[in-house]
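Note sheet for the following structure.
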Amino acid sequence: MVKSVKRTVKGRRPKFNTDPAIDNVHAMVMALTAEVTVLHDRLDTVERICEAKDIMLTEEIENFVPDKQTLIAREQWRQQLLKRMFYLLREQANDEAEGHTDASYNAFLDEIA
């Protein structure tokens, strides 16, 4: 069994706005934008390949009923997307739970300086 390694950046996260909620929303929008861009490119590729081969899938796509394995795979993908979207909120909650605040970070910097 492979152990999961926590891959997080230590130290302060960049702040672009005075309200951290705006930074959180910005990060979520960027994660969604990245996902939508990849999905758009892949769908565009499929449509162009089908069109080049005179395959019209519109009706088949509209009438498609996914099987159980497909539904499970889609839910797993959806959960991974949500993990990426809410990454910063989870990290902030973890930092707070572990007592990592701006004050403790600054105190640490003072200590090692």
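Worth a mention:
Residue-by-condition table, conditions (1) among the polar types (S, T, N, Q); (2) surrounded by fewer than 10 Cβ atoms within 10 Å (Cβ to Cβ):
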{"position": "65", "(1), (2)": "no, yes"}
{"position": "70", "(1), (2)": "yes, no"}
{"position": "81", "(1), (2)": "no, no"}
{"position": "85", "(1), (2)": "no, no"}
{"position": "89", "(1), (2)": "no, no"}
{"position": "92", "(1), (2)": "yes, no"}
{"position": "95", "(1), (2)": "no, no"}
{"position": "100", "(1), (2)": "no, no"}
{"position": "109", "(1), (2)": "no, no"}
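- Listed by position, the helices (runs of 4 or more DSSP H) enclosed by the stretch 49-100 that each have at least 1 residues that are without any contact (Cβ under 8 Å) to a residue 24 or more places away in the chain and more than 29 Å from residue 30 (Cβ to Cβ) are 58-63, 68-85.
- Residue within the stretch 14-27 that is of a type in the set (D, E, K, R), assigned to a helix (DSSP H, G or I) and at pLDDT below 85 present: yes
The values are calculated or read from the model by the stated rules, or taken from the named source; none is laboratory data. Here the structure is a predicted model, which means the values were calculated and not measured. Quick reminder, even Gly has a Cβ in these numbers, built from the backbone with ideal geometry, and neighbours come from all protein chains shown.
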